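First the structure, which I've put down as structure tokens, then a few questions once you've had a look.
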Amino acid sequence: MSSATMSEDSIQTLARPKRWHILVFLLPAFIIYSTVMILPLVETLRLSLFNTVDGQSTFVGLANFQMLFGEERWAADFWRALKNNFIFFAIHMLVQNPVGIALAAMLSIPKLRLATFYRTAIFLPTLLSFVIVGFIWKLILSPIWGITPFFMDLVGLKSFFAPWLGKPGSALIAVSLISVWQNIGIPMMLIYAALLNIPDEVIEAAECDGVTGWSQFWKIKLPLVLPAIGMVSILTFVGNFNAFDLIYTVQGALAGPDGSTDILGTLLYRTFFGFQLQLGDRSMGATIATVMFLIILAGVSLYLFGIQRRVRRYQF
Amino acid sequence: MTRTTLKGLLLASSILGSAGLANAEDVTLTIESWRNDDLTIWQEKLIPAFEAKNPGIKVKFAPTAPTEYNAALNAKLDAGSAGDLITCRPFDPSLAVFEKGHLASLNDLPGMENFTPVAKSAWTTDDGKTTFCVPMASVIHGFIYNKDAFDTLGIAVPTTEAEFFAALDKIKADGTYIPLAMGTKDLWEAATMGYQNIGPTYWKGEEGRAALIKGEQKLTDAPWVEPFKVLAKWKDYLGDGFEAQTYPDSQNLFTLGRAAIYPAGSWEIGLFNTQAQFKMGAFPPPVKSAGDTCYISDHNDIGVGLNAKSAHPEEAKKFLSWVASPEFADIYANSLPGFFSLNSTPVKMNDPLAQEFVSWREKCKPTIRSTYQILSRGTPNLENETWVASANVINGTETPEAAAEKLQKGLDSWYKPAK
């Protein structure tokens with residue numbers, strides 16, 4: 001016992017001097033994080049309260065926000081982008097995540113052969129650059145050179161083919177599904193990892209009680225991976241409301257046809273940087289960026305305080 | 001290298017370099033541009049021709065993607081990292097750059113006397129006093145057609161609207177070719193190759209454009225709605241799935257010989273000459289009835305200006321004077337057929353297609369794109385709105401009247417014509 005007390009003593013004596021090294025070691029990360037994350041964020045929030053009046057940058061309070069929500073055309077653009085963004089998000093939640101869970105569940109079946117191959121193949125698009133994804137899908141769906149009309153013709157469904165990316169009614173759904181195709185690997189991997197974490201004893205116990213197959217998935221496995229599903233949902237939310245790249249590469253900055261694929265990210269890009277003859281408007285751009293930040297903040301907070309605290313976690 | 005020489009060198013470069021006299025090292029001038037298609041011509045023809053005459057000055061051509069150019073350039077200029085020479089978009093984008101103090105005035109640049117006021121109009125302040133870019137080239141709109149297709153189908157080159165649609169009907173009935181190679185996916189094709197191509201015929205070129213700026217005409221007036229009505233009729237003659245057809249798709253459809261007529265800008269000539277395996281011809285936008293005056297869009301498209309913060313203004317001015325010279329005009333117009341020199345000295349061009357385009361200058365009245373001067377200064381931006389509206393009209397998702405009304409409403413929201 002004496003050795004234990006001695007070491008405790010020595011810990012206490014060691015703890016007494018000010019532990020500067022902690023500060024020193026934290027400092028680089030703190031500086032880098034502040035300069036590349038916090039500072040631009042604060043600067044964006046600040047810029048949204050300023051506008052150019054007579055060539056001078058002037059503090060205008062909430063006038064930019066008033067313009068965004070009050071002026072007819074700005075408001076119309078903004079609400080359309082927000083609506084499209086919610087549809088974009090809904091398609092991800094309804095297609096990407098359930099299919100991701102289903103794929104993960106299938107991959108975790110121990111008897112499945114070639115599981116590693118499927119896992120890699122499904123995850124691979126996530127690693128591709130969105131530029132490549134946008135380009136190949138534009139080609140696949142092209143009514144002129146695309147393979148889609150050809151394959152649909154082979155199975156006699158040619159009459160159902162339409163230039164989906166060019167029709168206002170279907171363009172947003174088509175782009176959303178391309179994004180789902182690209183990103184489905186992420187929910188699949190996270191849920192797959194969560195499923196592998198379920199101890200065999202739990203499954204065995206369930207089997208002893210006669211819970212097998214589908215009911216085992218619904219009653220045992222799904223409740224156990226719920227926290228992971230929550231995590232995936234919030235990642236999808238943040239990703240979708242920050243999305244820009246795929247729409248930009250597939251549909252261009254004007255997010256055509258007729259603005260039907262315009263989401264907050266493309267609206268922000270056009271406003272902030274300008275497009276063709278339209279000059280960039282930094283103040284209004286920063287205003288849109290601030291609203292996007294607030295939407296994401298609200299969504300994440302809702303999840304953190306409303307849902308995550310109530311999700312029951314099981315300790316094994 | 002010893003420390004003293006290093007010090008001396010630093011001192012020398014700080015004193016002499018700022019005065020622009022450092023002659024030990026070659027001065028490198030960088031050109032910002034959106035014309036990445038022209039990279040080889042600059043590298044192989046234009047830059048060597050200049051460097052041969054001006055030892056000690058090296059020129060680097062650094063293009064960005066066309067749709068990103070304006071945004072990227074403005075960001076670079078604000079950050080102070082832009083090149084010495086700035087390729088100027090026509091009208092307001094460059095005017096805004098000049099007003100921010102990023103472009104230097106070129107009024108006293110030797111060689112500027114080679115350009116007419118019309119040629120300089122796209123890069124001159126509203127009061128006409130200061131010119132800030134050397135005009136380089138203009139582009140002309142029209143239609144390029146597959147001559148072999150026209151010959152086999154026995155179609156004569158259409159001159160009137162009725163003949164034009166009769167020709168399209170004939171091509172469609174035959175079925176070998178897609179009558180018109182155009183898509184609406186990229187939006188700007190519909191506006192630039194469609195609306196701005198045929199439009200001047202209906203709004204009578206400069207006359208209508210000036211009236212629109214003065215507020216005497218509105219976009220909802222008949223001369224401005226009619227081009228939309230004609231465009232709506234194009235729908236039936238475009239290829240399958242034209243809604244998702246991109247600009248490169250249209251170019252390929254035509255050069256592969258699958259389409260008969262291509263609503264074009266003269267900038268296509270260079271590319272089409274190298275890719276198309278058939279004979280090509282061109283015709284100007286058809287007039288409404290035989291004998292009417294024809295109007296063409298002869299749009300000032302490219303200029304080049306001097307970055308006000310350039311470290312080598314003297315060398316850059318030397319380069320600009322050379323750009324303003326007939327020698328440059330000759331090399332440029334001939335290596336880039338379809339980009340017509342704005343220099344008052346006539347340039348002899350060898351390309352037959354380019355000659356055909358430029359010959360319209362003599363019989364038709366030229367104008368520039370209606371949305372470029374003054375009218376795209378505010379939000380919503382008339383040019384960008386016209387892209388969307390033209391595509392909608394061709395797609396059939398909006399009527400010509402509704403599209404025109406939307407455009408006028410957007411313009412009214414910020415533009416108050418001077419009375």
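The values are calculated or read from the model by the stated rules, or taken from the named source; none is laboratory data. Because the structure is predicted, anything quoted here is derived from the model rather than measured. Note: ideal-geometry Cβ built from the backbone for every residue, glycine included; neighbour counts use all protein chains shown. To get the accessible areas, we keep the full protein, side chains included, count just its heavy atoms, and leave off ligands, DNA and RNA. Shrake-Rupley method; radii C 1.70, N 1.55, O 1.52, S 1.80 Å.
Please tell me if A:L165 is away from every other protein chain (no Cβ under 12 Å) and either farther than 27 Å from B:A181 by Cα or part of a helix (DSSP H, G or I) (or both). Working first, answer last.
On the way: away from every other protein chain (no Cβ under 12 Å): no; either farther than 27 Å from B:A181 by Cα or part of a helix (DSSP H, G or I) (or both): yes.
It is false that A:L165 is away from every other protein chain (no Cβ under 12 Å) and either farther than 27 Å from B:A181 by Cα or part of a helix (DSSP H, G or I) (or both).
Quick check: is even one residue across segment B:169-181 among the basic types (K, R), farther than 14 Å from B:P285 by Cα and without any contact (Cβ under 8 Å) to a residue 40 or more places away in the chain? Spell out the reasoning first.
We begin by selecting, within segment B:169-181, every residue among the basic types (K, R); these are B:170, B:172.
The next check asks that each one be farther than 14 Å from B:P285 by Cα; those that pass are B:170, B:172.
Of the ones still in play, those that are also without any contact (Cβ under 8 Å) to a residue 40 or more places away in the chain are B:170.
Within segment B:169-181, one or more residues are among the basic types (K, R), farther than 14 Å from B:P285 by Cα and without any contact (Cβ under 8 Å) to a residue 40 or more places away in the chain.
While we're on this one: So, in segment A:294-316, how many residues would count as being under 26 Å from A:F59 (Cβ atoms) and open to solvent by 70 Å² or more (accessible area, probe 1.4 Å)? It would help to see each step written out before you state the result.
Taking segment A:294-316 first, the residues under 26 Å from A:F59 (Cβ atoms) are A:294-298.
Among the residues that remain, those that are also open to solvent by 70 Å² or more (accessible area, probe 1.4 Å) are: A:294, A:297.
Final tally of qualifying residues: 2.
Listed residues B:W203, B:W188, B:W224, B:W234; which is open to solvent by 10 Å² or more (accessible area, probe 1.4 Å) and under 25 Å from B:T367 (Cβ atoms)?
Working: B:W203 fails: open to solvent by 10 Å² or more (accessible area, probe 1.4 Å); B:W224 fails: open to solvent by 10 Å² or more (accessible area, probe 1.4 Å); B:W234 fails: open to solvent by 10 Å² or more (accessible area, probe 1.4 Å).
After applying the criteria, what remains is B:W188.
For segment B:218-242, name all the residues that are closer than 25 Å to B:L256 by Cβ and either within 14 Å of chain A (Cβ to nearest Cβ) or hydroxyl-bearing (S, T, Y) (or both).
Just the residues of segment B:218-242 that are closer than 25 Å to B:L256 by Cβ, to begin with: B:231, B:234-242.
B:K235, B:Y237, B:L238, B:G239, B:D240, B:G241, B:F242, listed by residue number.
Go through segment A:256-275 and count every residue that is of a type in the set (D, E, K, R) and more than 16 Å from B:A72 (Cβ to Cβ). Spell out how you get there, then give the answer.
From segment A:256-275, those of a type in the set (D, E, K, R) are A:258, A:262, A:270; that's our starting set.
Okay, now just the ones that are also more than 16 Å from B:A72 (Cβ to Cβ), so A:258, A:262.
Qualifying residue count for the region: 2.
Next up: Kindly list, by first and then second residue, each pair from a residue in segment B:119-131 that is open to solvent by less than 30 Å² (accessible area, probe 1.4 Å) to a residue that is of a type in the set (K, R) and in a helix (DSSP H, G or I), limited to pairs with Cβ atoms under 7 Å and residues at least 6 apart or on different chains.
Between residues of segment B:119-131 that are open to solvent by less than 30 Å² (accessible area, probe 1.4 Å) and residues that are of a type in the set (K, R) and in a helix (DSSP H, G or I), the close pairs are B:T131/B:K120.
Residues B:A311, B:A402, B:A389: which one is touching a residue at least 40 places away in the same chain (Cβ under 8 Å) and part of a helix (DSSP H, G or I)?
B:A389 is the lone residue from the list that is touching a residue at least 40 places away in the same chain (Cβ under 8 Å) and part of a helix (DSSP H, G or I).
Okay, residues lined up against (1) of a type in the set (G, A, S); (2) within 10 Å of another protein chain (Cβ to nearest Cβ); (3) open to solvent by 40 Å² or more (accessible area, probe 1.4 Å); (4) in contact (Cβ under 8 Å) with a residue 24 or more places away in the chain:
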{"position": "B:K53", "(1), (2), (3), (4)": "no, no, yes, yes"}
{"position": "B:V59", "(1), (2), (3), (4)": "no, no, no, yes"}
{"position": "B:T64", "(1), (2), (3), (4)": "no, no, no, yes"}
{"position": "B:Y69", "(1), (2), (3), (4)": "no, yes, no, yes"}
{"position": "B:L77", "(1), (2), (3), (4)": "no, no, no, yes"}
{"position": "B:G83", "(1), (2), (3), (4)": "yes, no, no, yes"}
{"position": "B:C88", "(1), (2), (3), (4)": "no, no, no, yes"}
{"position": "B:F91", "(1), (2), (3), (4)": "no, yes, no, yes"}
{"position": "B:V97", "(1), (2), (3), (4)": "no, yes, no, yes"}
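Same structure, new question: Select from segment A:118-135 the residues that are within 14 Å of chain B (Cβ to nearest Cβ) and under 24 Å from A:M152 (Cβ atoms) and write down the one among them that is most open to solvent (accessible area, probe 1.4 Å).
Just the residues of segment A:118-135 that are within 14 Å of chain B (Cβ to nearest Cβ), to begin with: A:131, A:134-135.
If we keep only those that are under 24 Å from A:M152 (Cβ atoms) as well, we get A:134-135.
Values: A:G134: 1, A:F135: 128 Å².
By that ranking, first place goes to A:F135.
Further, regarding this structure: State whether one or more residues within segment B:292-304 are under 30 Å from B:P223 (Cβ atoms), within 19 Å of the chain's Cα centre (by Cα) and of a type in the set (D, E).
Within segment B:292-304, one or more residues are under 30 Å from B:P223 (Cβ atoms), within 19 Å of the chain's Cα centre (by Cα) and of a type in the set (D, E).
Further question: When the residues of segment A:173-187 are narrowed to those that are out of contact with any Phe, Trp or Tyr (no Cβ under 7 Å at 6 or more places or on another chain) and of a type in the set (A, V, I, L, M, F, W, C), which ends up nearest to the other protein chains (Cβ to nearest Cβ)?
Only one residue fits best here, namely A:V175.
Mind listing whichever residues of segment A:52-85 are open to solvent by 60 Å² or more (accessible area, probe 1.4 Å) and on the phi > 0 side of the Ramachandran plot?
A:D54, A:G55
Consider B:T116 against the criteria (1) of a type in the set (V, I, T); (2) surrounded by 23 or more Cβ atoms within 10 Å (Cβ to Cβ); (3) over 24 Å from B:I198 (Cα atoms): it satisfies all of them except one. Which criterion is unmet?
The one condition B:T116 does not meet is (2).
Could you please find all residues in segment B:117-154 being more than 14 Å from the chain's Cα centre (by Cα) and in a strand (DSSP E or B)?
Passing the criteria: B:T124, B:T131, B:C133, B:V134, B:F143, B:I144, B:Y145, B:N146.
Only one of (1) over 25 Å from A:L124 (Cα atoms); (2) open to solvent by 30 Å² or more (accessible area, probe 1.4 Å); (3) within 14 Å of chain B (Cβ to nearest Cβ) is not met by A:Y248, so which one is it?
The single condition A:Y248 does not satisfy is (1).
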